[in-house]
């Protein structure tokens with residue numbers, strides 16, 4: 001049978017563990033304390049250790065959120081401006097007075113600006129994440145051998161190239177794509193396959209309303225040819 005520890009003894013043990021640098025969760029686990037309320041009573045009056053006063057990562061966002069709220073911004077606007085959740089904004093500023101009611105036109109204008117800012121920030125984050133994933137994949141794959149290029153180029157052609165059909169035979173390789181990186185890779189594939197550049201016949205297909213001269217200059221800069 002386990003004897004029940006009296007509260008004064010429990011408090012003494014809890015304070016000793018706290019002064020030894022233990023966290024509240026560790027103290028609860030060590031002493032078998034079942035509730036935060038009991039732990040709070042046991043540690044009442046005992047200052048937390050110095051390590052618990054470290055700066056929070058979102059302190060600057062917290063301060064900015066309160067500043068924006070004081071200037072009359074809505075939760076949605078603040079969340080979009082800072083790139084945080086609306087719930088976080090609510091926790092940070094809910095003690096501040098509610099801003100004066102905006103006119104319908106001003107409310108729509110602010111919501112539109114907030115939405116634009118939110119999606120612009122999200123695009124930047126997603127592009128950074130995409131670039132990080134691409135760089136990680138490239139580092140994992142490493143340099144490509146000629147064999148690798150031939151295999152990958154064949155797959156690219158199978159996906160994007162025009163295939164010869166019994167009813168429509170082709171005597172040439174046709175590859176259509178608008179991604180500069182893929183076009184450059186396919187040119188590398190052709191070079192590894194031994195296709196001389198004087199046998200290549202590029203064609204630029206763009207909408208009639210597009211800037212033809214600018215499109216030509218762009219693809220000349222990309223490929224370094226023609």
* **Degrees between helix 212-223 axis and first principal axis of the chain (Cα, 0 to 90, nearest 10)** => 80
* Hey, of [x] 19.4; [y] 25.6; [z] 24.5, which did the structure itself give for Kirkwood radius over Cα pairs in Å when calculated? -> [y]
* Asked: Does segment 146-223 come out rounded, prolate or oblate by the C-alpha gyration tensor, with a ≥ b ≥ c the root eigenvalues, rounded set by a/c under 1.5 and, if not, prolate when a/b is larger than b/c and oblate if not?
  -> oblate
* Asked: Does anyone have the angle between helix 180-192 and the longest principal axis of the chain? Alpha-carbon axes, 0 to 90°, nearest 10?
  -> 50
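For every helix of n ≥ 4 consecutive DSSP H residues, a contribution of -39,500 (n - 2.57) applies; sum these over the chain, divide by its total residues, and give [θ] at 222 nm rounded to the nearest 500 deg cm²/dmol.
Details: 10 runs with 134 residues, N = 226.
Counting only the DSSP helices, I get -19000 deg cm²/dmol.
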* Express the relative contact order of the chain as a whole percentage, based on alpha carbon pairs under 8 Å and six or more residues apart in sequence. => 11
* To do: Could you sort 81-93, 197-209, 151-163 so that the peptide with the highest average Cβ count within 10 Å comes first and the rest follow in order?
  => 81-93, 151-163, 197-209
* How much length, in nm to one decimal, is gained on full extension between residue 132 and residue 195, taken as 0.36 nm per residue of separation minus their Cα-Cα distance? -> 19.3 nm
* Structure fact -> Applying the gyration tensor rule to the Cα atoms of segment 70-128 (axes a ≥ b ≥ c; rounded if a/c under 1.5, else prolate if a/b exceeds b/c, else oblate), the class is oblate
* **On Cα atoms only, tilt of 7-19 relative to the major axis of the chain in degrees** => 40
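Just so you know, all these numbers are worked out from the coordinates, no wet-lab data involved. Please read all numbers here as calculations on a predicted model, not as lab measurements. When we count neighbours, we look across all protein chains shown, and the Cβ atoms used for this are built from the backbone with ideal geometry, even at glycine.
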